[in-house]
Amino acid sequence: MSNPFNIDQELREQSKERPIMSTTVRNRIDATLESLPESPLLNSGHSRKPRLHKGLRRTVAATIAAGVLGITVFASGFVSPVMADSLRSIPLVGSLFSSIEADMGLRTAGDEGLTKLVNSNVSFKDVKLEVSETVYDGTRAAFLVHVTAPNLKNGEYDNGKNIVKLSNGIENVFFNVNGTGQDGGLFYGSAGNTYPDTLLFEQVIPSNHAAAGLPDQFDAEVTFTLQGIDHEFTLNIPFTKTTEDILHIEPNVIVANDLITASVTEAQITPITTRLSTVVSLNGKSMLTAKDEEQLRNIGFAIYDDQGRQLTALNGEGLYESNQLKSERIYATTPGDSTYLVVKPFEIEDDFSEEIKDRQFIKGMDMKIELNQP
């Protein structure tokens with residue numbers, strides 16, 4: 001067996017393999033195709049080209065800067081783009097979450113039927129907000145808000161002073177459960193150029209589930225204010241956890257060099273989200289100066305699965321303690337079952353979700369996390 005800390009070539013080779021379509025998706029498509037009548041819709045339309053848009057923005061400040069969640073809209077690779085559009089128009093098959101390209105976890109939720117259909121809407125004068133689909137796996141509560149307004153066109157509207165993007169027009173948004181707001185961790189952004197009038201929101205649930213006070217089913221009260229509209233919109237959104245396959249391990253893997261010591265103390269993995277608890281400390285220090293804190297803050301952790309696919313870094317929060325930075329980092333889980341993860345500390349040049357170059361990785365600090373632990 002190869003040395004787990006010298007597997008870069010193996011990861012690169014395995015990353016070329018395309019994931020196999022799930023049985024769930026295949027069965028749902030077959031059932032739908034059998035029930036479809038002949039329709040001119042299946043012989044018309046245009047393919048959708050991948051399009052990038054800006055990432056999720058954070059609603060509050062945090063110790064670690066908010067990650068960038070890039071989203072693209074794509075046409076499914078296993079049927080023609082026209083057929084894919086037709087299938088997605090059928091509620092039993094289609095899910096807007098399936099079109100979120102860069103977040104493999106939310107895409108898996110859409111593909112594998114791990115979303116919940118809901119019906120929540122609110123109106124004020126001629127402006128309407130609607131939520132029709134949610135995802136909740138115990139770590140992230142995600143939902144899509146479709147906005148309808150006369151002056152909203154292609155994701156932009158007139159706020160009375162300027163033409164602004166819908167995602168930039170959010171003034172405030174709060175996520176409350178039983179009258180209590182969550183302590184940070186709320187992010188939002190556009191759902192993509194194909195759905196310009198729809199916003200994607202996600203609330204990261206604290207790792208201490210008891211402290212969060214969130215059961216497997218709960219109702220959230222989400223309030224919004226928009227620029228140029230003198231009104232507070234309130235949506236009551238039900239969430240139901242749809243993932244039973246949750247892996248919780250405490251690897252306690254530690255690596256060090258002359259300057260720093262890094263460790264992974266805990267990992268929680270669902271088919272949608274991977275949560276990693278990390279500690280990085282400066283050797284020979286008892287307390288941290290402002291310069292020391294910046295140095296630790298500029299160390300990121302990239303994760304690769306056993307096929308060499310990098311997990312998308314979504315966001316993270318941390319706390320300085322004596323000579324350490326203790327962090328909780330959220331990633332999108334890759335599809336399929338992995339037997340291990342490789343965690344690679346690196347030096348951040350832009351933000352912790354950047355495209356990492358080989359020279360940024362800290363040599364000799366790779367950590368292998370076995371997922372099939374007894």
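The values are calculated or read from the model by the stated rules, or taken from the named source; none is laboratory data. What you are looking at is a predicted structure, and each value in this text was computed from that prediction instead of being measured. Neighbour counts are summed over all protein chains in view; Cβ atoms, including those assigned to glycine, are modelled from backbone coordinates with ideal geometry. Areas reflect the complete protein model, heavy atoms only, side chains present, ligands, DNA and RNA absent. Shrake-Rupley method; radii C 1.70, N 1.55, O 1.52, S 1.80 Å.
Compute the length gained on full extension between Ile348 and Ile246: take 0.36 nm times their separation in residues and subtract their Cα-Cα distance, giving the result in nm to one decimal.
Gain in length upon complete extension: 33.7 nm.
Is the shape of the range 112-165 rounded, prolate or oblate, going by the alpha carbon gyration tensor and its root eigenvalues a ≥ b ≥ c, with a/c under 1.5 for rounded and a/b larger than b/c for prolate?
Cα axes put the range 112-165 in the prolate bin.
Mind checking the per residue accessible area of the range 289-374 for me, 1.4 Å probe, whole number of Å²?
Accessible surface, normalised per residue, equals 45 Å².
Using only the alpha-carbon atoms of the range 258-359, report the extent along each of the three principal axes, biggest first, to the nearest angstrom.
43, 27, 23
Counting only protein heavy atoms, what percent of the accessible surface of the range 259-374 is carbon or sulfur at a 1.4 Å probe?
Using a 1.4 Å probe with all protein chains present, the range 259-374 comes out at 47 percent carbon and sulfur.
Normalised radius of gyration for the range 209-317, please: alpha carbon Rg relative to 2.2 N^0.38 Å, two decimal places.
Relative to the rule-of-thumb radius for its length, the range 209-317 sits at 1.50.
In whole Hz, what ³J(HN,Hα) sequence does the range 299-309 give by Karplus (6.51, -1.76, 1.60; θ = phi - 60°), x for Gly and Pro?
10, x, 10, 8, 10, 10, 8, 6, 9, x, 7
At 1.4 Å probe size, with every protein chain present, just tell me what the per residue accessible area of the range 127-235 comes to in Å².
42
For the range 138-200, which whole percent of the accessible surface, found with a 1.4 angstrom probe, sits on carbon and sulfur atoms?
43
Which value, to two decimals, describes the C-alpha radius of gyration of the range 208-272 once divided by 2.2 N^0.38 Å?
With N residues counted in the range 208-272, Rg over 2.2 N^0.38 Å equals 1.84.
Expressed as a rounded percentage, what relative contact order does the range 129-196 have, with Cα pairs under 8 Å and six or more residues apart?
19
In nanometres, what is the gap between the two model label sites at Tyr320 and Thr234, each 7 Å from Cα along Cα-to-Cβ?
4.0
Kindly flag which residue pairs out of Lys125/Lys153; Lys241/Lys344; Lys116/Lys153; Lys128/Lys165 have an alpha-carbon separation exceeding 21 Å in this structure.
Pairs exceeding 21 Å: Lys241/Lys344; Lys116/Lys153.
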